[in-house]
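Enquirer: Structure below; questions to follow.
The values are calculated or read from the model by the stated rules, or taken from the named source; none is laboratory data. Everything quoted here is computed from the prediction, not taken from an experiment. Backbone-built Cβ (ideal geometry, glycine too); neighbour counts: all protein chains shown.
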Protein chains: 2
Amino acid sequence: MTRITEKVRNGVDTEQMFGTLDAITADPSLGAFQFRVSNEWIAGAHNRSSMQRFYGAGQEDTSRSEPFTIDAGEPAVLLGNDTGANPAEALLHALAACLTTTLVYVAAARGVRLTAVESTLEGDMDVRGCLGLSDDYRNGFEQIRVSFRVRGDAPEEKLREVVERAQLRSAVFDMVRNGVAVTVDVESA
Amino acid sequence: MTRITEKVRNGVDTEQMFGTLDAITADPSLGAFQFRVSNEWIAGAHNRSSMQRFYGAGQEDTSRSEPFTIDAGEPAVLLGNDTGANPAEALLHALAACLTTTLVYVAAARGVRLTAVESTLEGDMDVRGCLGLSDDYRNGFEQIRVSFRVRGDAPEEKLREVVERAQLRSAVFDMVRNGVAVTVDVESA
């Protein structure tokens, strides 16, 4: 019983985790991943993304029998029909999800048992930027505030440490903070 | 019939659009928006974001009777149970959705009738970064490639122009390319 509890911590199989880390250390080519999204416009602010295949751990991953889909929209006040979370909210979701998963994995690796992790995120935007009304405002959020509430069987100090560590290793936190090179091609023939 | 066709272009009410732009120009305080997401950890790589209220156009928006939710997960090879698109895929979705909506709005404003907009996005990542195995790799994507396929009742030149303009005005494109200041607070008592 004790062994089972320790093997799976925070819902993460720690034996598999350390096995994965060892495998990538032994063969670094396994670390190369490529994630992909296809998006289709439906009408107005309504469009839908699909995510299924990706490349990683040395092969094309075909484990998902169906794609995940996420619908996007805009509320009425931004000229849409509220067909889904808007793209700025989707970005906050990506950030929240990545920080949370990284935090949970770090805690699992360090023997910290979590009981609850919640976060709220806020992003401030003056839409005069993205609507093209003023060049004094950027198109995106001026600032994002993340507030975590973390509970677990560990001293407060240790819980704060895993949140710190998550910021140092989260893929989306890195991208949102530091930016990424993006190329855009168009085929319109 | 002609009037109706022209009023709603690409599923966007252009009269409402120009009315909104005029209203914000007349009272710039209407341009201040705040978007919010709440995220709750479920187990392992599974967590869920909710988006409902936001502030904008001079008031707290209460038009959504239910929150949107987006589940996050990781595939088995990244220690999850595939409970949803992973956070890196969610970021690509946010980018695809924002570029697409911006492009559709720009086209509506400029009198370009679109018939199809599709995009595929790819992001390359060496997970030795985010797994903490090597400091030679960043945590996030090294690069993101976006490929648009745009069709509409306009010359190719004009279609390319709306994609160019979308890049100049998309909120998420700005954030992903240029980064955003992010603060993280923790409550762990």
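Enquirer: Take the residues of the range B:110-136 that are within 15 Å of residue B:12 (Cβ to Cβ) and in contact with a helix residue (DSSP H, G or I) (Cβ under 8 Å, 6 or more places away or on another chain): which is nearest to the other protein chains (Cβ to nearest Cβ)?
Expert: B:117
Enquirer: Moving to a separate point now. All but one of (1) within 7 Å of chain B (Cβ to nearest Cβ); (2) exposed (fewer than 14 other Cβ atoms within 10 Å of the Cβ) hold for residue A:168; which doesn't?
Expert: Here residue A:168 clears every test but (1).
Enquirer: Moving on. Working only within the range B:56-70, note down all residues that are within 29 Å of residue A:102 (Cβ to Cβ) and assigned to a strand (DSSP E or B).
Expert: Residues satisfying the conditions are B:68, B:69, B:70.
Enquirer: Is there a residue being farther than 28 Å from residue B:114 by Cα, at pLDDT below 95, among the polar types (S, T, N, Q) and surrounded by fewer than 21 Cβ atoms within 10 Å (Cβ to Cβ) anywhere in the range A:20-41?
Expert: No; the residues of the range A:20-41 include none that is farther than 28 Å from residue B:114 by Cα, at pLDDT below 95, among the polar types (S, T, N, Q) and surrounded by fewer than 21 Cβ atoms within 10 Å (Cβ to Cβ).
Enquirer: Still on this structure, please answer the following. Give just the number: which of (1) at the interface with chain A (Cβ under 7 Å from one of its Cβ atoms); (2) more than 19 Å from the chain's Cα centre (by Cα); (3) not hydrophobic (A, V, I, L, M, F, W, C) does residue B:93 not satisfy?
Expert: Among (1) at the interface with chain A (Cβ under 7 Å from one of its Cβ atoms); (2) more than 19 Å from the chain's Cα centre (by Cα); (3) not hydrophobic (A, V, I, L, M, F, W, C), the lone unmet condition for residue B:93 is (2).
Enquirer: Name the single residue that is surrounded by the most Cβ atoms within 10 Å (Cβ to Cβ) among those in the range B:140-155 being without any contact (Cβ under 8 Å) to a residue 24 or more places away in the chain and more than 7 Å from chain A (Cβ to nearest Cβ). Let's see the steps before the verdict.
Expert: First, the residues of the range B:140-155 that are without any contact (Cβ under 8 Å) to a residue 24 or more places away in the chain: B:142-143, B:155.
Checking the rest, the ones that are also more than 7 Å from chain A (Cβ to nearest Cβ) come to B:142, B:155.
Values: B:142: 13, B:155: 11.
So the residue we want is B:142.
Enquirer: Moving on. State yes or no: is residue A:186 in contact with a Phe, Trp or Tyr (Cβ under 7 Å, 6 or more places away or on another chain), facing chain B (nearest Cβ under 7 Å) and without any contact (Cβ under 8 Å) to a residue 24 or more places away in the chain?
Expert: Against the criterion (in contact with a Phe, Trp or Tyr (Cβ under 7 Å, 6 or more places away or on another chain), facing chain B (nearest Cβ under 7 Å) and without any contact (Cβ under 8 Å) to a residue 24 or more places away in the chain), residue A:186 qualifies.
Enquirer: Still on this structure: Of the residues in the range A:95-130, how many are among the aliphatic types (A, V, I, L, M), buried (at least 22 other Cβ atoms within 10 Å of the Cβ) and free of Cβ contacts under 8 Å to residues at least 40 places away in the same chain?
Expert: 3
Enquirer: Given (1) assigned to a helix (DSSP H, G or I); (2) within 7 Å of chain A (Cβ to nearest Cβ), identify the lone condition not met by residue B:107.
Expert: Residue B:107 satisfies all of (1) assigned to a helix (DSSP H, G or I); (2) within 7 Å of chain A (Cβ to nearest Cβ) except (2).
Conditions (1) more than 17 Å from the chain's Cα centre (by Cα); (2) modelled with pLDDT of 95 or more; (3) not β-branched (Val, Ile, Thr), marked per residue:
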residue: A:138; (1), (2), (3): yes, yes, yes
residue: A:145; (1), (2), (3): no, yes, yes
residue: A:152; (1), (2), (3): yes, yes, yes
residue: A:160; (1), (2), (3): yes, yes, yes
residue: A:175; (1), (2), (3): no, yes, yes
residue: A:181; (1), (2), (3): yes, yes, yes
residue: A:186; (1), (2), (3): yes, yes, no
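Enquirer: If you don't mind, another one. Which residues, counting only those in the range A:75-90, are among the hydrophobic types (A, V, I, L, M, F, W, C) and within 7 Å of chain B (Cβ to nearest Cβ)?
Expert: Correct list: A:76, A:77, A:79, A:85, A:88, A:90.
Enquirer: So residue A:77 passes all but one of these: (1) in a helix (DSSP H, G or I); (2) over 19 Å from residue B:45 (Cα atoms); (3) touching a residue at least 12 places away in the same chain (Cβ under 8 Å). Which condition number does it fail?
Expert: The one condition residue A:77 does not meet is (3).
Enquirer: Limited to the range B:143-177, what total is found for residues that are of a type in the set (Phe, Trp, Tyr) and in a helix (DSSP H, G or I)?
Expert: 1
Enquirer: Quick one: count up the residues across the range A:43-68 that are surrounded by fewer than 16 Cβ atoms within 10 Å (Cβ to Cβ) and facing chain B (nearest Cβ under 8 Å).
Expert: Within the range A:43-68, residues that are surrounded by fewer than 16 Cβ atoms within 10 Å (Cβ to Cβ) and facing chain B (nearest Cβ under 8 Å) number 3.
Enquirer: So which residues in the range B:1-19 are part of a helix (DSSP H, G or I), more than 7 Å from chain A (Cβ to nearest Cβ) and either hydrophobic (A, V, I, L, M, F, W, C) or surrounded by fewer than 17 Cβ atoms within 10 Å (Cβ to Cβ) (or both), if there are any at all?
Expert: B:2, B:3, B:4, B:5, B:6, B:7, B:15, B:18, B:19
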